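> One structure follows; several queries about it will come next.
The values are calculated or read from the model by the stated rules, or taken from the named source; none is laboratory data. The model shown is predicted, which means the values in this text are computed figures rather than measured ones. Methodologically, a virtual Cβ is constructed for each residue, glycine included, from the backbone with ideal geometry; neighbour enumeration extends over all protein chains shown. Only protein heavy atoms, including side chains, enter the accessible area calculation; ligands, DNA and RNA are left aside. Shrake-Rupley method; radii C 1.70, N 1.55, O 1.52, S 1.80 Å.
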Amino acid sequence: MHLSRSGVLFLLALIMALAVGLFLNTQEHRLGSGVWPNYTLDALQSIEISTRGERYTLVNEPSGWVVRSEGAEPDALPTPADKARIEALLGAISHHRPTQSLGQVPTPELAGYGFAEPTVRILLRPSTLGLGEVLLTFGHEAPTGAAVYAQSSLSDGVVFLLDASILHQIDKPSEHYFDYRMLELSTDDAQRLTVTGASSIQWELERKDDTFVFLRPESLKGSSVSSSEVRLFLHNLSAICADSILTRNDRQPAGRPSFTLDIQTSKATEPLRLEVFPQSETEQVFGRSTRHPAGFLLERDKARTLFRLAFDMQWRGVITYDSARVQSARIYSVMGNQTLVAENSASGWEDRDHGRTLAGLDLSLWRLKELRFEAEPVAKLGYPAVQRLALDLYTKDAKILTSFTFYSDPRLPPDQCWLKVGSEEMFYPVGNQIIEELQGYLPSRPLRPSGE
């Protein structure tokens, strides 16, 4: 194959471009080596940051990384810091190495580059032996706006050019590094949960092996707790973040909190505590915790998700049976006068009378077992409750294993129905989506002949 003259020129230009790019990249790497730090979080003891608005220090203390602001009261407590954001800061510094050196610049001329009043100053103090402090100073942006002038104490007096995008990653207020989590909590560490209202303990749970049981109220003592509800509750506590962190103690509210949570963990002698105070007319409520003793502000809607009643934490399962023993099922719609008999074979569930495959019936029966009652059950039903659907499950020898009857009732919330299990004279309010699912497996009703 022969290339045309223009093709040869294009190929030569491409090779030259790649060579220049490789040269510049190598030059940039060599330029950065020895004059620009590449520290990891584990190697540092503190990071002092000065912007044109404030000065603060990120410090690695025995309790973890914290933010300390210059000018704070002598007794002011530090604010827990978000390690991920500190790591992002160090990553930005390591990634944005100098692209060009302007050489030694006389001291009187440094002001022209913006170093008399720097945009940002960052002092890195290592904790690892053999590593020295490094001061990075960032001045004005270059006239093109694509680069920023910078200095490093590793190369005293030299002015470098860096990609200007680094400023967006390092010129941050102290609040940027706050850890807004209300509590630092691992679900597996929680051993005892105690929720107190304005005047008394509402409920208390204690871990027993891999589950929790009630200690209070007395009426529920020793009874089982919904594992999924506990996981969700603890997840919300660790995942929901405050909207703002208060760093001074001058906004402590009067009176008792409306909600107090104490969590005894396996790794501490003192429990973690979270308090939420009565809601005011504003869109935010005041809270405080062992992690943020000076307090924080939280949206009211977020605060509502933290409240749980003892009823919410109960194990509210309605149905228990051995799924492995189910060989066939009968679904009967009272209102539609439709019946389905399903057989469980090696290839899955099938409609015995119509030869249809019933994909998804296994999943529906699993959801059936996951039903939870949404309010207290009742012993009797009356008008206007009406029967909607019946489901019978059979064993291999055609003996009935268990049966369920569903009733609609306009007095219930629109997403609920009543469920009766077997011959038990008790009716439980449960989610009604299961009715729609089971009805979906019923065969279509035959069309009536025209003229009837």
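> List, please: which pairs have Cβ atoms under 9 Å, are six or more places apart or on different chains, and start with a residue in region 57-69 that is within 16 Å of Thr40 (Cα to Cα) and in contact (Cβ under 8 Å) with a residue 60 or more places away in the chain and end with one that is assigned to a strand (DSSP E or B) and open to solvent by 30 Å² or more (accessible area, probe 1.4 Å)?
So the pair list comes out as Leu58/Glu48; Leu58/Arg68; Asn60/Gln45.
> Across region 338-394, what is the total count of residues that are closer than 30 Å to Ala310 by Cβ and part of a loop (DSSP other than H, G, I, E, B)?
12
> Let me ask you something else. How many residues are surrounded by 11 or more Cβ atoms within 10 Å (Cβ to Cβ), free of Cβ contacts under 8 Å to residues at least 24 places away in the same chain and either of a type in the set (D, E, K, R) or not in a strand (DSSP E or B) (or both) if we restrict to region 113-145?
Of the residues in that region, 2 qualify.
> Kindly list, by first and then second residue, each pair from a residue in region 407-436 that is closer than 20 Å to Thr320 by Cα to a residue that is part of a strand (DSSP E or B) and of a type in the set (S, T, N, Q), limited to pairs with Cβ atoms under 6 Å and residues at least 6 apart or on different chains.
Tyr407/Gln387; Cys417/Ser408; Lys420/Thr405; Gly422/Thr402; Gly422/Ser403; Pro429/Gln416; Asn432/Gln416
> Here is a follow-up. In this structure, is Leu412 touching a Phe, Trp or Tyr at 6+ places or on another chain (Cβ under 9 Å), assigned to a loop (DSSP other than H, G, I, E, B) and farther than 17 Å from Ala329 by Cα?
Criteria met by Leu412.
> Shifting gears a bit: Could you tell me whether Val386 is open to solvent by 60 Å² or more (accessible area, probe 1.4 Å), among the β-branched types (Val, Ile, Thr), at pLDDT 90 or above and touching a strand residue (DSSP E or B) at 6+ places or on another chain (Cβ under 8 Å)?
Yes.
> Are there any pairs with C-beta distances below 7 angstrom linking a residue in region 280-296 that is touching a residue at least 40 places away in the same chain (Cβ under 8 Å) and closer than 20 Å to Ile263 by Cβ to a residue that is of a type in the set (Val, Ile, Thr) and open to solvent by less than 10 Å² (accessible area, probe 1.4 Å), with the two at least 6 apart or on different chains, and if so which?
The qualifying pairs are Gly287/Val276.
> If the Cβ limit is 6 Å and pairs must be 6+ apart or interchain, which residue in region 223-236 that is over 15 Å from Lys208 (Cα atoms) pairs with which residue that is at pLDDT 85 or above and among the hydroxyl-bearing types (Ser, Thr, Tyr)?
Every condition considered, the pairs that remain are Leu234/Thr187; Asn236/Thr305.
> Additional query: Quickly run through region 59-112 and pick out the residues that are among the acidic types (Asp, Glu) and part of a loop (DSSP other than H, G, I, E, B).
Across region 59-112, the qualifying residues are Glu70, Glu73, Asp75, Asp82.
> Return yes or no: is Lys267 surrounded by fewer than 18 Cβ atoms within 10 Å (Cβ to Cβ) and free of Cβ contacts under 8 Å to residues at least 12 places away in the same chain?
For Lys267, the condition - surrounded by fewer than 18 Cβ atoms within 10 Å (Cβ to Cβ) and free of Cβ contacts under 8 Å to residues at least 12 places away in the same chain - is not met.
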